[in-house]
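First comes the structure, then the notes that go with it.
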Amino acid sequence: MAEKLFRLEIVTPKKVVFSGDVTSFTAPGVVGGFQVLKSHAPLLSNIAIGEVKIIDAADAESRYATSGGFVEVHDNKVVMLAETAERSDQIDVTRAEAARDRARGRLAEKAAGTDVERARLALHRAINRLKVAGRG
Amino acid sequence: MATLREIRRRITGIRNTQKITKAMQMVAASKLRRAQGAIVSTRPYARKMGELLSHLVTKVDPALHPLLASREVENVLLIVVTADRGLCGPFNSNLIKAAAQHLVALRAGQLEGTTGPLLLTVGKKGADHFRKQGSRIYAKHVGIFIDLDFSHARTIVNEIERGYLAREFDKVEVIYNEFKSVIQQRIVIEQLLPIPPEELKGPRDLHALAQVEHIYEPSSGEIIDALVPRHLNFQMWRILLESNAAEQGARMTAMDNASENAKELIRDLTLKFNNARQAAITKELLEIVSGANALRRAG
């Protein structure tokens, strides 16, 4: 097992969400999801809103909802920078539901001054959270 | 001379005030601890962000990026970060004073015929002050420090980014209290937009990153397009955290002083109270003795 391990760090402005050895890291790249295994080539990628999946040294899978960010792969070290990353069992479902309904309301109103793009993104983030939490 | 009852009432009043200031001091202390912790936990992100950014800017021409290139400044947006609440010593007043001075300087440096600097206020105190002054307020954010979240920083950055790209202003500066120590705050003025080039230089030893040929997905240009706004979000977040920690520090110090003053007042008043009481007793005794003497002489 040990020969398949590489280092992963998931860092947000609030805290280091994950730091440890894993065997697999799957992220939603903006041009499509991708998986990183040991000895991956150096890579810099944008991450979209979506689900990050990791398999740790004990072969256990955990999933995170992210609102997008960046991944750097270099020398068997993966660093993911994200503004938010929440593990599936730590997602505040009530809050995500409230955010989803608020965003939907804003989009439905179409009142002047509504930032449609922003509301759409907020909706996307909330739905993603719920999706990741729901399967947890 | 104050009567005994008056003095006693004052002592009780001051004691009550002291209880409040002590409680506020303790609340501020615990909030400060949390705020300092929040600052410390941004460091790993800050380091990585700085690395990526300084690496990627070498791949693009800053003059071509709308958020990096500086342009002729017609109008400036100044972000003023104050607290929502008072009772924190000179925290708000010093900042507002410095902001007002800076506004005057900005106005003086502006071209003829332009409209004058715009303001974006964070915190109720600054919003109240500059509204009364009749300043041009572009946007205001009140009450965010109660439950400070990264999304607040994102909202503010969204606003300024949109305005900046729409050429409503050509430069964005921010004035805030930096947390130096519990008893010390430093007022800082920083430029947010366009992003100053020295901010992008990063650590001197341009680490291993630069030597490695990365695969860029989708492309280095697109990555930096996504990275720059997030860098701004993070800068704003850091500033909000700094101001928050500085505010709690200032409040803690102010309330400590207030409790100390109350203690002194109580001591003085207790002395006065005891003096007055002793005087009253002496007076009474004198009256009794002289009354008794008079009676004996009469008898």
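The values are calculated or read from the model by the stated rules, or taken from the named source; none is laboratory data. Because the structure is predicted, anything quoted here is derived from the model rather than measured. Cβ: placed from backbone, ideal geometry, glycine included. Neighbour counts: every protein chain shown.
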A careful count of residues in region A:26-53 that are within 11 Å of the chain's Cα centre (by Cα), in contact (Cβ under 8 Å) with a residue 40 or more places away in the chain and assigned to a strand (DSSP E or B) gives 5
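Which one of these is within 27 Å of B:D84 (Cα to Cα), at pLDDT below 95 and under 30 Å from the mean Cα position of the chain (by Cα): B:L227, B:L232? Don't jump to the end; show me each part of the working.
Numbers: B:L227 fails: within 27 Å of B:D84 (Cα to Cα).
Matching residue, one of B:L227, B:L232: B:L232.
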Counted residues, region B:53-108 - those being aliphatic (A, V, I, L, M), touching a helix residue (DSSP H, G or I) at 6+ places or on another chain (Cβ under 6 Å) and buried (at least 17 other Cβ atoms within 10 Å of the Cβ) | 10
Does any residue of region B:66-73 turn out to be part of a loop (DSSP other than H, G, I, E, B), of a type outside the set (A, V, I, L, M) and within 30 Å of A:K14 (Cβ to Cβ)?
-> yes
Would a scan of region B:112-126 turn up a residue that is over 30 Å from B:Q18 (Cβ atoms), surrounded by fewer than 20 Cβ atoms within 10 Å (Cβ to Cβ) and among the hydroxyl-bearing types (S, T, Y)?
-> yes
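Only one of these is without any contact (Cβ under 8 Å) to a residue 40 or more places away in the chain, touching a strand residue (DSSP E or B) at 6+ places or on another chain (Cβ under 8 Å), part of a helix (DSSP H, G or I) and not β-branched (V, I, T): B:A245, B:A226, B:A292. Name it. Explain how you work it out, then say what you get.
Numbers: B:A245 fails: without any contact (Cβ under 8 Å) to a residue 40 or more places away in the chain; B:A292 fails: touching a strand residue (DSSP E or B) at 6+ places or on another chain (Cβ under 8 Å).
Just one listed residue meets the conditions, B:A226.
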Mind checking which pairs have a first residue in region B:55-82 that is assigned by TED's automatic domain parsing to the domain that holds B:N177 and a second that is exposed (fewer than 15 other Cβ atoms within 10 Å of the Cβ) and polar (S, T, N, Q), Cβ under 9 Å, 6 or more apart or different chains?
-> B:E74/B:T114; B:E74/B:T115; B:N75/B:T114; B:N75/B:T115
All positions within region B:12-50 that are away from chain A (no Cβ under 11 Å) and among the basic types (K, R) = B:R15, B:K19, B:K22, B:K31, B:R33, B:R34
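Go through region A:54-71 and count every residue that is more than 14 Å from the chain's Cα centre (by Cα) and not hydrophobic (A, V, I, L, M, F, W, C).
Of region A:54-71, the ones more than 14 Å from the chain's Cα centre (by Cα) are A:55-61.
Within this subset, residues satisfying the condition of being not hydrophobic (A, V, I, L, M, F, W, C) are A:56, A:59, A:61.
Result for region A:54-71: 3.
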Quick check, is B:I195 farther than 29 Å from A:E117 by Cβ, assigned by TED's automatic domain parsing to the domain that holds B:L52 and either assigned to a helix (DSSP H, G or I) or among the hydrophobic types (A, V, I, L, M, F, W, C) (or both)?
-> no
Restricting attention to region B:217-271, and to residues there that are more than 14 Å from chain A (Cβ to nearest Cβ) and of a type in the set (K, R), which single residue is surrounded by the most Cβ atoms within 10 Å (Cβ to Cβ)?
-> B:R251
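Out of B:E168, B:E161, I need the residue that is among the acidic types (D, E) and buried (at least 17 other Cβ atoms within 10 Å of the Cβ). Which one?
Details: B:E168 fails: buried (at least 17 other Cβ atoms within 10 Å of the Cβ).
Only one candidate qualifies: B:E161.
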In region A:16-62, anything of a type in the set (S, T, Y), surrounded by fewer than 19 Cβ atoms within 10 Å (Cβ to Cβ) and more than 10 Å from chain B (Cβ to nearest Cβ) is listed as A:S24, A:T26, A:S39, A:S62
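Answer with yes or no whether B:L53 is part of a helix (DSSP H, G or I), within 14 Å of chain A (Cβ to nearest Cβ) and modelled with pLDDT of 80 or more.
It is true that B:L53 is part of a helix (DSSP H, G or I), within 14 Å of chain A (Cβ to nearest Cβ) and modelled with pLDDT of 80 or more.
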Here the residues within region B:12-46 that are surrounded by fewer than 17 Cβ atoms within 10 Å (Cβ to Cβ) and in contact with a Ser or Thr (Cβ under 7 Å, 6 or more places away or on another chain) are B:K22
Mind telling me which of the residues B:G89, B:G163 ends up being within 13 Å of the chain's Cα centre (by Cα) and not acidic (D, E)?
-> B:G89
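Got a sec? Which of B:I175, B:I144 is closer than 30 Å to B:E51 by Cβ, of a type in the set (A, V, I, L, M, F, W, C), in the same structural domain as B:L67 (by TED's automatic domain parsing) and not in a loop (DSSP other than H, G, I, E, B)? Break it down stepwise before answering.
On the way: B:I144 fails: not in a loop (DSSP other than H, G, I, E, B).
Of the residues listed, the single one that is closer than 30 Å to B:E51 by Cβ, of a type in the set (A, V, I, L, M, F, W, C), in the same structural domain as B:L67 (by TED's automatic domain parsing) and not in a loop (DSSP other than H, G, I, E, B) is B:I175.
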